[in-house]
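Single-structure report; data block below.
The values are calculated or read from the model by the stated rules, or taken from the named source; none is laboratory data. Just so you know, these numbers come straight off a predicted model, no measurement behind them. Note that we place each Cβ from the backbone using ideal geometry, even for glycine, and neighbour counts take in every protein chain shown.
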């Protein structure tokens, strides 16, 4: 009898480990209007779990040590830390006010939360686990996305409500400069050579290329109406750009600063993630409650996965290089 129980226990433990391994790298999707997280299986393209988080979760990112995935609940005023491989909740951090977009400086010293709804930027000192508010900076109307200089001296913030980009000196936590850009600037990304800022002009159909050292626009790259957000392909050369209104994704070559391809993705593509093997691109579709899986080589949508309302952020642990 004892031998039978011991064997049964071993079989049960083995099954549980096998099940956990099967979902070791889930796809985490934030459903902003439902205040939920959907966990998807990368292999079967099916939802394996869904659970509530704070109101309006929009963006997410891994901690620098990749041991946690932070979900920013903007209206819930909190950060929810998940296991980046399984999606299980690890802990919650309260009283982070309106964290719409979040980011760590490259040197991991600073954590920044843009308060889109409340028009300020919060700069936190980061010790590897906890955040301590260092400075709250008023930021006009609708501070949206962020990027950093490679040396971590400067954070760049798009200001949707005033059609501007501002640069913050992180050492002094003060605004160094503000410059005009196109209508409704949203996503912002630094090129790999630290030379240019790329800004998605959501109120139009292009990516504005900025020489941030001289505060001058040097080029406008045609994309699609509602140009919004960025994701590196992982080859240190190409970048995906989503356009929500046009329902398309543009491919930009960083070396030539040109549009080298487009992908039609119906449903309003927004945030994106690239598989580690560089074969598939995953994109949340804000208008149709789905996530699109795209074959990069053929530039074709191969799967549409139902999720919650207004899916926004998307992440999986085994992603391509940023």
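Points worth noting:
- Residue within segment 175-186 that is under 15 Å from residue 230 (Cα atoms) and in a strand (DSSP E or B) present: yes
- In this entry, residue 165 passes the filter for residues that are more than 20 Å from residue 284 (Cβ to Cβ), crowded, with 19+ Cβ neighbours inside 10 Å and at pLDDT 95 or above.
- For segment 268-280, the criterion of being part of a strand (DSSP E or B) and surrounded by fewer than 17 Cβ atoms within 10 Å (Cβ to Cβ) is met by none of the residues.
For (1) buried (at least 23 other Cβ atoms within 10 Å of the Cβ); (2) in contact (Cβ under 8 Å) with a residue 40 or more places away in the chain; (3) over 20 Å from residue 37 (Cβ atoms), each residue gets a yes or a no:
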{"site": "63", "(1), (2), (3)": "no, yes, no"}
{"site": "67", "(1), (2), (3)": "no, no, no"}
{"site": "81", "(1), (2), (3)": "no, no, no"}
{"site": "91", "(1), (2), (3)": "no, no, no"}
{"site": "101", "(1), (2), (3)": "yes, yes, no"}
{"site": "105", "(1), (2), (3)": "no, yes, yes"}
{"site": "114", "(1), (2), (3)": "yes, yes, yes"}
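- Residue 249 buried (at least 21 other Cβ atoms within 10 Å of the Cβ), modelled with pLDDT of 95 or more and more than 20 Å from the chain's Cα centre (by Cα): no
- Here residue 283 does not fit the description of being buried (at least 20 other Cβ atoms within 10 Å of the Cβ), touching a strand residue (DSSP E or B) at 6+ places or on another chain (Cβ under 9 Å), without any contact (Cβ under 8 Å) to a residue 40 or more places away in the chain and assigned to a strand (DSSP E or B).
- Number of residues in segment 37-47 that are surrounded by fewer than 19 Cβ atoms within 10 Å (Cβ to Cβ) and more than 21 Å from residue 276 (Cα to Cα) equals 0.
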